[in-house]
Amino acid sequence: MIKVSSFHSDLHRQDVLAQRHASFLASIETYLGEEIVVSPIDDYDADLKLVFISSGGSEGKFLEHFAEMKAPYYLLASGTDNSLAASIEILTYLNCAGLEGEILHGSPEYIAQRIKDLIAGKKEQGGASEPAVRHISGKVDLGGRYGVVGEPSDWLIASVPELDKVKSTFGTELVKIPMDALVNEYEQEKPVDDVRMGLDFGSAERLVNAALKLREQEKLDGLTIRCFDLLTLIHTTGCLSLAKLNGDGFIGTCEGDVMSMLTMALVRKVTGESSFQANPSRIDVAENTMVLAHCTMPYDMARDYGYDTHFESGIGVAIKGELMEEPITVMRLAKDLKTYWIAEGRILGNLNETSLCRTQIEVRLDDSYSVSDLLRSPCGNHQIVFYGRHRDEIVEFLG
């Protein structure tokens, strides 16, 4: 018997989640030839117990119930609602704790076969010739002064480094800035009644100006914002602000993700280029492809763009862009400040799906890399995407 328990974020519409995920489980059952039984979290009387991470923002709830679960942790992830992104963050947390885990994700047929293999005792998946994770040797001269506005988001359970170690390892100063400082600057900006396409550009632009003032006051080279708090504090999002700031050469990341900010700062220092902080949303191991999506693509990376609301909340202004179908590098520094994952590939095209963040790209990695790395040994959720094949430059810089 196969049993499943699930976690989800309260930010998503529960009726929509329930419908999508019932269909997802049913599609796996078709290939399994048996029912997947929904059970309590602590019920392990089964041939295989799965933990369905059904949406982004589930990481904190996973930790709340951590004592009720047992290793190995088999995380089931769908291809919608940032389910995979949350699963990658959780698996990174498990790996850092030395606990056995794996993400079961892909086509329903692939997941069903992987379940059968695990029940039969087949633990290994295929890999690539390049190592999944590389090591940083010695001190890295990254430098800079970067702001952490508010605390990192609660779901970043494997992405928050020790701030003093960032200084000693990278020579980078991290400055903790209260969320009130950003909100106060926002409130001092004159309100502007600018509603276009049903979107509140007035509030979004006020936040752009507030972020710029904070940058000047603190003499920052970049910042990361605990952006979901803005939904209730000022009823807008940081998406437009970060898209503009990054497009102008200033590093900005959302969700208070310090490691994404440091990775993007590294990319800017080594290549001089902007980069895109994105969620891995869907992976196809057989095709070596993945879909990456987020709401903050830098303007200067866009071939074309329009606007929409922020995905999870349906408010604010997010950039909905198209990237060029060119070679890219994808990477992420780990919170231990000693390891990182990096791969090269190509953008195959742009997508337009309602169940993902607004800017969406499909990427195929080169043959010497495998997307399955992210299902086994990731360095954290958000991946940083930038144009060109820059692996060798990055590896040389990091030693």
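Laboratory data are not the source of any read-out in this text; all were calculated from the coordinates shown. Please read all numbers here as calculations on a predicted model, not as lab measurements. FYI the Cβ positions are ideal-geometry reconstructions off the backbone, even for glycines, and counts take in every protein chain you see.
Under 5 Å from the amide H of Leu348 lie the amide H atoms of Glu362, Val363, Arg364, each residue being 5 or more positions distant or on a separate chain, with H modelled from the backbone and absent for Pro and chain starts. Rounded to the nearest Hz, the phi-derived 3J(HN,Hα) couplings of segment 312-324 under the Karplus curve 6.51 cos²θ - 1.76 cosθ + 1.60 (θ = phi - 60°) are 5, 8, x, 10, x, 10, 10, 7, 10, x, 10, 9, 6, where x marks glycine and proline.
Applying 1/(1 + (r/R0)^6) with r as the Cβ-Cβ distance of Glu34 and Val175 and R0 = 45 angstrom yields a FRET efficiency of 0.25. By the rule of a C-alpha distance below 18 Å, with chain neighbours fewer than 8 residues away ignored, the aspartates and glutamates paired with Lys165 are Asp141, Glu151, Glu173, Asp257, Asp336. The alpha carbon gyration tensor of segment 2-119 gives principal lengths a ≥ b ≥ c with a/c below 1.5, which makes the shape rounded. From most to least packed by mean Cβ count within 10 Å, the peptides 77-87, 195-205 give 77-87, 195-205. Please report the net charge: other residues with Cβ closer than 14 Å to the Cβ of Gly238, K and R +1, D and E -1. Summing Lys and Arg as +1 and Asp and Glu as -1 gives -2.
Farthest towards the positive end of the charge dipole of segment 135-398, among the residues Ile394, Thr296, Gly252, is the Cα of Ile394, using unit charges on the Cβ of Lys, Arg, Asp and Glu. Over the residues of the chain, the helix contribution to mean residue ellipticity at 222 nm works out to -9500 deg cm²/dmol, using -39500 (n - 2.57) for each DSSP H run of at least 4. Each residue in His65, His8 was given a count of other beta-carbon atoms within 10 angstrom of its own, and listing them fewest first yields His65, His8. Taking θ as phi - 60° and the Karplus parameters 6.51, -1.76 and 1.60, the scalar couplings of segment 281-286 work out to 9, 7, 10, 10, 5, 4 Hz in sequence order, x denoting glycine and proline.
Figure the gain on full extension for Arg346 and Met324 (residue separation times 0.36 nm, minus the Cα-Cα span) and round it to one decimal in nm.
7.0 nm
Net charge within 9 Å of Ala158 by Cβ-Cβ distance, Lys/Arg positive one each and Asp/Glu negative one each, not counting Ala158 itself? Charge balance near Ala158 sits at -1.
Considering only beta bridges that DSSP places wholly inside segment 135-398, some 75 percent are antiparallel.
Near Gly247: Cβ cut-off under 15 Å, other residues only, Lys/Arg at +1 and Asp/Glu at -1. The net charge is -1. Rounded, prolate or oblate for segment 135-398? Axes are the square roots of the Cα gyration tensor eigenvalues, ordered a ≥ b ≥ c, and the cut-off for rounded is a/c under 1.5. It is oblate, given that a/c is not under 1.5 and a/b is not larger than b/c. Between Ala318 and Asp308, Thr309, His310, the built amide H atoms are under 5 Å apart, and every one of these is 5 or more places off in sequence or on another chain.
The H on the amide N of Ser281, modeled in the peptide plane, is under 5 Å from the matching H of Val291, Leu292, Ala293, each at least 5 residues off or on a different chain.
Only the Cβ atoms of Lys and Arg (+1) and of Asp and Glu (-1) were treated as charged; on that basis the dipole of the chain about its Cα centre amounts to roughly 640 debye.
Here the Karplus curve 6.51 cos²θ - 1.76 cosθ + 1.60, taken at θ = phi - 60°, turns the phi angles of segment 382-390 into couplings of 4, 9, 9, 10, 8, 5, x, 9, 10 Hz, with x standing for Gly and Pro. Sorted on the mean count of surrounding Cβ atoms within 10 Å across their residues, most packed first, peptides 233-242, 210-219 read 233-242, 210-219. Based on the alpha-carbon gyration tensor of segment 108-208 and its eigenvalue square roots a ≥ b ≥ c, which shape applies: rounded if a/c is under 1.5, prolate if not and a/b is larger than b/c, or oblate? Oblate is the answer for segment 108-208, as a/c is 1.5 or above yet b/c matches or exceeds a/b.
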